Amino acid sequence: TMSFRLKTILGVAAIEIILLLILVVGGIRFLNDTNAQQLVQRAETASTLFTRAVRDAVLSSDLATLDSLVDEALKNTDIVYIRISTDGITLASGGDKEILNQANSQHTKLALVDDQILDRRVEIEESGVVYGVVEMGLSTATIEESLSYARQWALSVAGIEILLVALFSFILGTYLTRQLLRLKTAAENVAESGPG
């Protein structure tokens with residue numbers, strides 16, 4: 001059978017490990033959710049601002065300005081592609097050609113992304129009439145890399161914490177059982193010899 005000391009050590013260690021896992025998993029989930037939300041908001045802002053910037057050029061069919069604005073926007077390394085179209089005709093585009101040739105659906109959540117590209121689609125509208133569409137894809141690789149690093153860091157800290165918990169549980173368990181053993185010995189002495 002398991003000794004009292006070992007049961008005490010394992011009990012304290014199990015409680016500490018469970019609480020630590022709850023903390024680590026909760027922290028990683030919170031970090032993931034806030035970063036995902038931030039990326040979606042950034043994508044919405046970038047696509048909306050870009051749409052406002054190209055609106056007049058689309059309405060006047062100024063292709064040179066559209067090409068210039070697309071080239072300027074693609075200097076942002078997070079933007080993978082941009083396509084500006086009207087009635088299914090591409091007015092200007094740039095970025096990864098392979099992705100531009102695919103049909104890209106709009107993503108409203110990072111969890112829906114399956115190709116490391118958050119796709120956004122914004123309509124260019126004037127007086128209720130849609131004159132064109134801006135499609136833009138932002139890379140999720142940077143955020144996924146930072147989340148992966150955060151997970152590894154949290155797991156490393158958790159591993160060190162588990163080792164420390166095991167060590168402190170051993171010390172605490174040894175101390176408690178030693179004190180209980182002294183108490184037991186004293187009680188046995190009193191039972192055999194009486195107080196004195």
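Listed peptides 30-38, 178-186, 135-143, 117-125 appear in the order 135-143, 117-125, 30-38, 178-186 once ranked by packing, highest mean of other Cβ atoms within 10 Å at the front. Taking amide hydrogens as placed 1.01 Å from N in the peptide plane, the amide H of residue 92 sits under 5 Å from those of 84, each at least 5 positions away in sequence or on another chain.
When the solvent-accessible surface of protein heavy atoms is calculated with a 1.4 angstrom probe, in what order do 55, 29, 151 fall, highest first?
Output order, biggest surface exposure first: 29, 151, 55.
Amide H contacts of residue 140 (H built 1.01 Å from N, in plane; Pro and chain starts excluded): 117, 118 sit under 5 Å, all sequence-distant by 5 or more or on other chains. Packing-based ranking of 8-14, 161-167 yields 8-14, 161-167, ordered from highest to lowest mean Cβ neighbour count within 10 Å. Across 149, 131, 81, the residue with the most accessible area heads the list, and the full order at a 1.4 Å probe is 149, 131, 81.
Charge dipole of region 137-196 (Cα centre as origin; +1 on each Lys and Arg Cβ, -1 on each Asp and Glu Cβ, all else neutral): 240 debye, rounded to the nearest 20.
Scalar couplings 3J(HN,Hα) for region 83-91, obtained by applying the Karplus form with A = 6.51, B = -1.76, C = 1.60 to θ = phi - 60°, are 9, 10, 9, 9, 6, x, 9, 6, 8 Hz; x denotes Gly and Pro. For region 93-101, 3J(HN,Hα) computed residue by residue from phi via the Karplus equation (6.51, -1.76, 1.60; θ = phi - 60°) reads 7, x, x, 5, 5, 4, 6, 4, 6 Hz, glycine and proline entered as x. The helix-based estimate of mean residue ellipticity at 222 nm for the chain, built from -39,500 (n - 2.57) per DSSP H run of four or more residues and divided by its residue count, is -23000 deg cm²/dmol to the nearest 500.
Screening the chain for whole DSSP H helices with an alpha carbon extent of at least 27 angstrom along the helix axis and a mean Kyte-Doolittle hydropathy of at least -0.5 yields 4-59, 141-193.
Only alpha carbons enter this Debye calculation for the chain, each as an equal point scatterer, and the log10 of I(q)/I(0) it gives at q = 0.11, 0.12, 0.16 Å⁻¹ is -0.67, -0.73, -0.99. As a ratio to 2.2 N^0.38 Å, the alpha-carbon radius of gyration computed for region 1-106 takes the value 2.00.
The values are calculated or read from the model by the stated rules, or taken from the named source; none is laboratory data. Being a predicted model, the structure only gives us computed values, none of them experimental. Backbone-built Cβ (ideal geometry, glycine too); neighbour counts: all protein chains shown. Just so you know, the surface numbers come from the protein's heavy atoms only, side chains and all, with ligands and any DNA or RNA stripped out. Shrake-Rupley method; radii C 1.70, N 1.55, O 1.52, S 1.80 Å.
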